[in-house]
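Shown next, in structure tokens, is the structure this report addresses.
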């Protein structure tokens, strides 16, 4: 099977020259250690993407009780719980997430609270 560019034509094939591999388990463990030793109770590392990409994936660790304060969604986003327990909260509702859960973040102001020491993989596709 040949790789295709996301959003590209089916007959348009990309040349793949390198593959990057990351252990999310190891990265989550490292970030949680960093969060536990940080005065802010949080730590994060972008695994893929950044300013030059539409897609960004970031591993975020939060110690129990820490909150990513209410903010706007920068685009389409999901939150994959790697470890612990989190709560995604909007004005309208809240959803609890446990390891293995994938929460689709609504396009509304929201916050994320660590119910227990937690690690998440945040995936965002920025608005064009």
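Read the figures in this text as sums done on the coordinates, not as results from a lab. Small disclaimer: the values here were computed from a predicted structure and weren't measured. In this analysis, Cβ positions are derived from the backbone assuming ideal geometry, glycine residues included, and neighbour counts consider all displayed protein chains.
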Worksheet, complete the sentence: Note: residue 102 to residue 39 extended length (0.36 nm per residue) minus current alpha-carbon separation gives 19.9 nm
Worksheet, complete the sentence: Quotient of Cα radius of gyration and Kirkwood radius for the chain, i.e. Rg/Rh, equals 1.02
Discussion item. What distance in nm separates the two pseudo spin-label positions at residue 109 and residue 90, each 7 Å out from Cα along the beta-carbon direction?
Written reply: 1.4 nm
Worksheet, complete the sentence: Per the rule of 0.36 nm per residue minus the C-alpha distance, extending residue 23 to residue 125 adds in nm 34.6 nm
Worksheet item: If only Cα atoms are counted, what is the Rg of the range 58-128, and what is its Dmax, in Å?
Response: 11.1, 35
